[in-house]
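Notes follow the structure.
The values are calculated or read from the model by the stated rules, or taken from the named source; none is laboratory data. As the structure is a computational prediction, the values presented were derived from the model and not from experiment. Don't worry about glycine lacking a Cβ; one is built from the backbone with ideal geometry, like all the others, and counts go over all protein chains shown. Ligands, DNA and RNA are stripped out before the accessible areas are found, and what is left, the full protein with its side chains, is counted by its heavy atoms. Shrake-Rupley method; radii C 1.70, N 1.55, O 1.52, S 1.80 Å.
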Amino acid sequence: MVKIGLTTTVPVEVIYAAGDIPVDLNNIFITSPKAMNLIEEAELAGYPRSVCGWIKGLYSTALANPEINRIIAVTQGDCSNTHALMETWAEQGIEIIPFAFPYDGDADMLRLQLDKLIQALGTTWDKVYEQKERLDKVRALAWELDRLTWEENKVTGFENHLQLVSCSDFNSDPERFAADLEKLMVEVREREPLNLKFKGKKKRELRIGYMGVPPIMPDLYNFLEEHGARVVFNEVQRQFSMPFATQDIVEQYRLYTYPYSIFNRVEDVAREAERRNLDGIIHYTQSFCYRQIEDLIVRKRLDYPILNLEGENPTGLDARSKMRLESFLQMLRD
């Protein structure tokens, strides 16, 4: 049983089918009490300051966990800096297994990529489908937690974020992850529906959608709730849970919106924004990321108040971001 690192969500069924253990390096990095130190270590190794904090964090996280000596890196459909990240890892003796999501979501190309990954890890399509059946049962629990978030208003924005983002690797143990989810949902169902207070006054809470990669500063969720706003939609995190029922694994990863065109993502956000009755949307972009350019398309295509929020390092919300968030929430109330 080998631990295989991930740079983002990939067809994790293949890893489990091979008898190996997937480990999402992003989750290890962002939950580390020394996350900022990991970024500094990458810069000391030669990474420029003007490179995404996630990329630098991933580089150092992999080196800090020597039991992870194989990494599946997404070469298309995620960060363009991943190419150089792969090369610097290879220079350190880590084996790199590339995987590419075709830009246009072509089913034949995606099937070819899955086939190559299956061969690289030494497993079979039959075993992959066995794991799909296993993991879909766990995903169904995540879908229910998401429903409890927006429909019954019993789950906080951070709880929703944490459980959905963990579907990238199921915390390396699907059965234990499922048990923890079930335990959380027992607690959640006993709660009264949330209605956050703002400055001591009980008013209708603001319903916020979060669009973009998971934030590098997770305190965002608590800050919003302290100001009477709750995230009831986490776009990319929800996509990690593969929120659509299909028996075909190729179709499953073709419906997964994150690796493909921004237009597919905007359509998904628009549907969910209406269904979840959102008051406004926070479009998060990472500093030095090409996805910042996509904000102009997001604003043209979504008929909702939108705040573009930029993050750089895992040091928490800075004063400027807090002021912009407060102003945005006040504008929504007015």
### Query
Quick one: helix 262-275 against the long Cα principal axis of the chain, what's the angle to the nearest 10°, folded into 0 to 90?
40
### Message
Can you tell me, using C-alpha contacts under 8 Å and at least 6 residues apart, the relative contact order of the chain as a whole percent?
### Response
18
### Query
Among Arg139, Arg324, Arg147, which one moves the most in a GNM of the chain with springs linking Cα atoms closer than 10 Å?
Arg324
### Message
As a test question: what accessible area, to the nearest 10 Å², does Phe288 have when a 1.4 Å probe is rolled over all protein chains in place?
### Response
90
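If you average the sequence gap of Cα pairs under 8 Å that are 6 or more apart and divide by the length of segment 234-323, what percent do you get for the contact order? Working shown, then result.
Numbers: 61 pairs, mean separation 20.7, N = 90.
Taking the mean separation of contacting Cα pairs over the length of segment 234-323, I get 23 percent.
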## Note on the structure
Under a 1.4 Å probe, counting only protein heavy atoms, Glu272 has an accessible area in Å², nearest 10, of 10
### Message
Quick check on the chain: helices-only [θ] at 222 nm, where DSSP H runs of length 4 and up contribute -39,500 (n - 2.57) each and the sum goes over total residues. Nearest 500, please.
### Response
-15000 deg cm²/dmol
### Within a Gaussian network of the chain (alpha carbon springs, distance under 10 Å), most fluctuating of Lys300, Lys56, Lys116
Lys300
### Query
Whose amide H sits under 5 Å from the amide H of Ala73, counting only residues 5 or more places off or on another chain, with H placed in the peptide plane?
Ile97, Phe99
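Once Rh is set to the Kirkwood radius over Cα pairs, what Stokes-Einstein translational diffusion coefficient, in µm²/s, holds for the chain at a temperature of 25 °C and a viscosity of 0.890 mPa s? Don't skip to the answer; put the middle values down first.
Working: Rh = 20.5 Å.
For the chosen part, D equals 119 µm²/s.
Computing the accessible area with a 1.4 Å probe over protein heavy atoms, can you report the carbon and sulfur percentage for segment 48-166? Each step should come with its number before you reach the end.
Working: 2650 of 5230 Å².
C and S fraction of accessible area: 51 percent.
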### Message
Distance cut-off 31 Å, Cα to Cα: go down the list Lys3/Lys56; Lys3/Lys300; Lys3/Lys183; Lys34/Lys116; Lys300/Lys322; Lys34/Lys183 and report the pairs above it.
### Response
Lys3/Lys300; Lys34/Lys116
### Query
Leaving out ligands, DNA and RNA but keeping every protein chain, what accessible area does Thr7 have, in Å² rounded to the nearest 10, with a 1.4 Å probe?
10
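Just want to confirm a number: the relative contact order over segment 1-160, from Cα pairs under 8 angstrom separated by 6+ residues, in percent. Numbers along the way, then the final one.
Working: 191 pairs, mean separation 37.9, N = 160.
Taking the mean separation of contacting Cα pairs over the length of segment 1-160, I get 24 percent.
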### Nearest-ten-degree value, helix 35-45 long axis tilted from longest Cα axis of the chain
50
#### Entry: Selection from Leu220, Phe170, Gln131, by position along the positive dipole direction of segment 122-248 (Cβ)
Leu220
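Charges at C-beta only: +1 for Lys and Arg, -1 for Asp and Glu. How large is the resulting dipole of the chain about its Cα centre, in Debye rounded to 20?
Using only the charged Cβ atoms, the result is roughly 1180 debye.
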### GNM flexibility winner over the chain from Gln286, Gln163, Gln131 (Cα, springs under 10 Å)
Gln131
### Message
On a full-extension model of 0.36 nm per residue, what is the gain between Tyr129 and Arg271, subtracting their alpha-carbon distance, rounded to one decimal in nm?
### Response
48.2 nm
### Query
How much area per residue is accessible in the chain when the probe is 1.4 Å and only protein heavy atoms are counted (Å²)?
44
### Message
Along the Cα→Cβ direction, 7 angstrom out, place labels at Arg299 and Asn264. What is the inter-label distance in nm?
### Response
2.6
### Query
For helix 319-333, what angle does its Cα long axis make with the longest principal axis of the chain, in degrees from 0 to 90 and rounded to 10?
60
### Summary
The long-range amide H neighbours of Ile4, using H built 1.01 Å from N in the peptide plane and a cut-off of under 5 Å, are Ile21, Val23
### Task
Extending each Cα 7 Å along its Cβ direction at Phe223 and Asp115, get the distance between those two points in nm, one decimal.
4.8
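Going from most exposed to least, what order do Tyr290, Tyr103, Tyr253 have by accessible area with a 1.4 Å probe? Show your work: numbers first, answer last.
Values: Tyr290 90, Tyr103 145, Tyr253 0 Å².
Solvent-accessible surface, decreasing: Tyr103, Tyr290, Tyr253.
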### Query
Quick one: Karplus J couplings for segment 116-121, per residue in order, coefficients 6.51, -1.76, 1.60, θ = phi - 60°, nearest Hz, x for Gly and Pro?
5, 5, 4, 5, 4, 9
